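The values are calculated or read from the model by the stated rules, or taken from the named source; none is laboratory data. Note that this is a predicted model, so its numbers are computed, not measured. Cβ placement follows ideal geometry from the backbone for every residue including glycine, while neighbour counts extend to all protein chains displayed.
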Amino acid sequence: MKIVKLPKKNLAEFIGHLNSFGQIHAPVKRGEKSFVFAPVTELTEIELNCNRTILPLKKYFFKPVETMFNFCAQKGYEVPVEEQDKKYIIFGVHPCDIHGLKILDMVFSGRYVDSYYFARRRRALIIGLDCTPDELCFCRSTGTDFVDSGFDLFLSDIDDSYLVRVGTSIGDDMVTAADSLFREVEKEDREKYKAKSIQRRESFQTEIQLQDFPGIMDLEYESQVWEEVGEECLSCGTCSMVCPTCYCYAVFDELNLDAESGQRKRRWDSCLFKDYALVAGGHNFRAERSSRVKNRFFHKQRGFVTQYGRPSCVGCGRCKAYCPAGIDIVEVVNKLRSQTRV
Ligand code: SF4
Ligand code: SF4
């Protein structure tokens, strides 16, 4: 992999160059402590030290609500056309979110390829950025604190410069187009990078042990923990909305006033919603909050492992950060594990 160095004093100019590759989106501040990915044109708008945005990158490719096709009794149906040429650059993406995106790529490219998702995904360029973990991050435990693919460029802080890993040919084009801003990497830069990486790994405050966890989940299927968490859960679905790897959606039709035409749409859904498992005839397979909470944990830590060989949690901490009931995935996992060890 090609590695170059970008002095920090050149970052603003580099961002200016990036505008010629597409519209730039990056974390920006919203309110006191919240951040969102939003369009930017210059460095001063970007919040480089943001720990996590409210919504992850999935909002770009798998929209919260979208029209799948328009229908009309006379004309049949037509799929809205996506602009194919317009690229956009998402800057400042942390390793856990790149892993989240790789999981979504895997899910949406399964047996039935999701053309809506990939029409947008293909137009996106990803520029990653290392971050400093806070007390909610546990991506080290989920093995998602480092990425070696899934980005066009990846920037790591080495004091007065960024060490830049070039992941794709278009990433190489971005560097070449702003060649005068970059420097060759010296031995001393590599040493700094290694020391910083160790320092970062050691700065995690939250750890969970996920080893053997699918087996523990099976043993704890009837655990009282599910009742306790179910008692606290408000079924608001926030944890699913903010999760970079939750991908359930509901499909529905909206009829126009002519009663002959309309739109078929899809919107994000959550297995925590009361009516998620409600079927025709009125039976609800998961009427209890405890069973819905259990289902979410089982899907992430058990079912996904069976299907894809890894859990679908990337340790971003969003579900804890935004849960109005303060439900903490780490606490739940630790409680279940401690019960099995006793
Ligand atoms: S389950 Fe929670 S910590 Fe894990 S990826 Fe989803 S939002 Fe992040
Ligand atoms: S965010 Fe918290 S309260 Fe809301 S559904 Fe998820 S676990 Fe329940």
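Surrounded by 15 or more Cβ atoms within 10 Å (Cβ to Cβ) and in the same structural domain as residue 89 (by TED's automatic domain parsing), is that true of residue 196? Show your work before the answer.
Working: surrounded by 15 or more Cβ atoms within 10 Å (Cβ to Cβ): yes; in the same structural domain as residue 89 (by TED's automatic domain parsing): yes.
So residue 196 fits the description; yes.
Going residue by residue through segment 229-237, is there one that turns out to be within 13 Å of ligand 1 (Cβ to nearest atom), assigned by TED's automatic domain parsing to the domain that holds residue 323 and touching a Phe, Trp or Tyr at 6+ places or on another chain (Cβ under 8 Å)?
Filtering segment 229-237 for residues within 13 Å of ligand 1 (Cβ to nearest atom) gives 237.
In the following step, the residues that additionally are assigned by TED's automatic domain parsing to the domain that holds residue 323 were identified as 237.
Still in the running and touching a Phe, Trp or Tyr at 6+ places or on another chain (Cβ under 8 Å): 237.
Yes, some residue in segment 229-237 is within 13 Å of ligand 1 (Cβ to nearest atom), assigned by TED's automatic domain parsing to the domain that holds residue 323 and touching a Phe, Trp or Tyr at 6+ places or on another chain (Cβ under 8 Å).
Does residue 182 satisfy the criteria of being more than 16 Å from ligand 2 (Cβ to nearest atom) and in contact with a strand residue (DSSP E or B) (Cβ under 6 Å, 6 or more places away or on another chain)? If you could, list the steps in order and put the result at the bottom.
Numbers: more than 16 Å from ligand 2 (Cβ to nearest atom): yes; in contact with a strand residue (DSSP E or B) (Cβ under 6 Å, 6 or more places away or on another chain): yes.
So residue 182 fits the description; yes.
If a residue counts only when it is away from ligand 2 (no atom under 16 Å from the Cβ), which helices (runs of 4 or more DSSP H) contained entirely in segment 192-288 have at least 1 such residues?
Numbers: elements: 213-219, 224-232, 238-242.
Helices (runs of 4 or more DSSP H) meeting the threshold: 213-219, 224-232.
For the condition outside the structural domain of residue 54 (by TED's automatic domain parsing) and away from ligand 2 (no atom under 12 Å from the Cβ), what is the one hit in 337, 318? Explain how you work it out, then say what you get.
Values: 318 fails: away from ligand 2 (no atom under 12 Å from the Cβ).
Every option except 337 fails the conditions.
So in segment 322-337, with the set limited to residues that are more than 13 Å from ligand 1 (Cβ to nearest atom) and farther than 18 Å from residue 302 by Cβ, which one is surrounded by the most Cβ atoms within 10 Å (Cβ to Cβ)? Spell out how you get there, then give the answer.
Within segment 322-337, the first condition is being more than 13 Å from ligand 1 (Cβ to nearest atom), and the residues that meet it are 324-326, 334-337.
Next, only the ones that are farther than 18 Å from residue 302 by Cβ stay: 324-326.
Values: 324: 11, 325: 14, 326: 8.
Of everything passing the filter in segment 322-337, 325 is surrounded by the most Cβ atoms within 10 Å (Cβ to Cβ).
Results for (1) farther than 30 Å from residue 85 by Cα; (2) part of a strand (DSSP E or B); (3) of a type in the set (A, V, I, L, M), shown as yes or no for each residue.
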| position | (1), (2), (3) |
| --- | --- |
| 120 | no, no, no |
| 134 | yes, no, no |
| 139 | yes, no, no |
| 157 | yes, yes, no |
| 185 | yes, no, yes |
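Return the only residue of 305, 279, 333 being aliphatic (A, V, I, L, M) and under 20 Å from residue 228 (Cβ atoms). Outline the logic, then answer.
Working: 305 fails: under 20 Å from residue 228 (Cβ atoms); 279 fails: under 20 Å from residue 228 (Cβ atoms).
Criteria check complete, one pass: 333.
Mind counting the residues in segment 40-86 that are among the aliphatic types (A, V, I, L, M), buried (at least 16 other Cβ atoms within 10 Å of the Cβ) and part of a loop (DSSP other than H, G, I, E, B)?
4
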